[in-house]
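Here's the structure, in structure tokens; my notes come after.
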Amino acid sequence: MSSQAGSSTRSSMTIGTRLGLFIVLFFTLVSVFSPWLAPFKADQNFQDALKRPPAWSEGGQAQFVFGTDDLGRDILSRLIRGAPVSLGLGLSVVIFSILFGTFTGLLAGTIGGWVDQGCSRIMDIIMALPSMLMAIVVIAVLGPSLTNTVIALGLVGVPSIFRIVRGGALGEVRKNYVIAAKTFGAGWFRVAFRHVLPNCMSLLIVQGTLGLSNAILDAAALGFLGLGAQPPIPEWGTMLSDSRSFIESSPWMVTLPGLCILLVVIGLNLLGDSLRDRLDPKLRKIS
């Protein structure tokens, strides 16, 4: 009975992994080849085809597969050209968070003392505030733009990376090989990045994958609020914001960008959950 349950779990996990990997690879390829895949430019207007429904609906045209928006722009082209913007925003946020979170986490975990206390208190303050509210405040101060979106969302993502790296570093610095390295004169940089960091990489990969889906979702939310990418940049959240007033008359203008966001988030979460099951030592099952 238990072996059948275990095999069923492994099978379902494999299906989820493959599905998540397929979705992520699909949107990644679309992002890379977007200049060649998009049939039109993102801001190209067709004044004689305003709010055209998708090609399979009544009144649709074959050249506009997903229809057009209120300005006569091809929605398929905007979705394709918006893929590198939305995915690039999420990836930039994750890289920002990992770089700063890893450095401060290693600093706090390997040095300890007042450095650890100071970094931990700063992270506690950041985590005490709602992440989206803090991001909105940062953007309100800096101004809405792609760069400021990365900075704002990157800052609110630093504490989660910090806690993972700090926790791993506190466990590693007490082990004999680290103590031996310090005895033989290894400096802080060598101890932190040569000995401690490699043992935290598996958890960082998992957190980065799961954090990427959150970053894309948060960037879309900021774009929807008008605080992220600014028109005419074809970011998916901005497309949702521009078309929300047509949700009843032209529902495809809202549905299609929202569906892209949903699929990417689902794919990244499926992939991240699978990586967590495989790489997290606490979740590994002894066969």
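The values are calculated or read from the model by the stated rules, or taken from the named source; none is laboratory data. Everything numeric in this text was worked out from a predicted model, so none of it was measured. Here the Cβ is made from the backbone with ideal geometry for all residues, glycine too, and neighbour counts use every protein chain on show.
Residues in segment 56-84 that are closer than 22 Å to Ala219 by Cα and touching a helix residue (DSSP H, G or I) at 6+ places or on another chain (Cβ under 8 Å): Asp69, Ile75, Arg78, Leu79, Ile80, Arg81, Gly82, Ala83, Pro84.
Let's see how each residue does on (1) of a type in the set (Phe, Trp, Tyr); (2) without any contact (Cβ under 8 Å) to a residue 24 or more places away in the chain; (3) surrounded by 21 or more Cβ atoms within 10 Å (Cβ to Cβ):
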residue	(1), (2), (3)
Pro159	no, no, yes
Arg166	no, no, yes
Gly171	no, yes, no
Lys175	no, yes, no
Ala180	no, yes, no
Gly187	no, yes, no
Arg190	no, yes, no
Phe193	yes, no, no
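For segment 207-254, which positions are more than 30 Å from Phe162 (Cα to Cα), crowded, with 24+ Cβ neighbours inside 10 Å and among the aliphatic types (A, V, I, L, M)? Matches in segment 207-254: Met239, Met253.
Contact map, segment 75-90: residues that are under 16 Å from Val265 (Cα atoms) and in contact (Cβ under 8 Å) with a residue 60 or more places away in the chain paired with residues that are outside any helix (DSSP H, G or I) and among the aliphatic types (A, V, I, L, M), Cβ distance under 9 Å, separation 6+ or inter-chain. Pairs shown: Leu79/Ala38; Gly82/Ala42; Gly82/Ala229; Gly82/Ile233; Val85/Ala229; Val85/Ile233; Ser86/Ala229; Leu89/Ala229. Just one of the listed residues (Ser57, Ser120) is assigned to a helix (DSSP H, G or I) and not aliphatic (A, V, I, L, M), and it is Ser120. Does Ile266 qualify as being among the β-branched types (Val, Ile, Thr), surrounded by fewer than 20 Cβ atoms within 10 Å (Cβ to Cβ) and assigned to a loop (DSSP other than H, G, I, E, B)? No. Listed by first and then second residue, the pairs with beta-carbon distance under 7 Å, at least 6 apart or on different chains, first residue in segment 229-247 and over 21 Å from Ser34 (Cβ atoms) and of a type outside the set (Gly, Ala, Ser), second surrounded by 22 or more Cβ atoms within 10 Å (Cβ to Cβ) and modelled with pLDDT of 85 or more, are Phe246/Met253.
With respect to the conditions (1) part of a helix (DSSP H, G or I); (2) hydroxyl-bearing (Ser, Thr, Tyr); (3) over 22 Å from the mean Cα position of the chain (by Cα), Thr255 falls short on a single one, namely (3). In the set (1) hydrophobic (A, V, I, L, M, F, W, C); (2) touching a residue at least 40 places away in the same chain (Cβ under 8 Å); (3) assigned to a helix (DSSP H, G or I), Leu25 fails one condition alone, (2).
Answer yes if at least one residue in segment 71-85 is touching a Pro at 6+ places or on another chain (Cβ under 6 Å), more than 21 Å from Gly228 (Cβ to Cβ) and either buried (at least 22 other Cβ atoms within 10 Å of the Cβ) or not hydrophobic (A, V, I, L, M, F, W, C) (or both), and no otherwise. Scanning segment 71-85 turns up no residue that is touching a Pro at 6+ places or on another chain (Cβ under 6 Å), more than 21 Å from Gly228 (Cβ to Cβ) and either buried (at least 22 other Cβ atoms within 10 Å of the Cβ) or not hydrophobic (A, V, I, L, M, F, W, C) (or both).
Of all the residues in segment 259-275, those that are more than 21 Å from Leu203 (Cα to Cα) and more than 12 Å from the chain's Cα centre (by Cα) number 4. Restricting attention to segment 86-123, and to residues there that are within 17 Å of the chain's Cα centre (by Cα) and surrounded by fewer than 16 Cβ atoms within 10 Å (Cβ to Cβ), which single residue is farthest from Asp242 (Cα to Cα)? Out of the qualifying residues, it is Leu99. Condition check: small (Gly, Ala, Ser) and either surrounded by 14 or more Cβ atoms within 10 Å (Cβ to Cβ) or in contact (Cβ under 8 Å) with a residue 40 or more places away in the chain (or both). Does Ala49 satisfy that? When the stated conditions are applied, Ala49 passes them.
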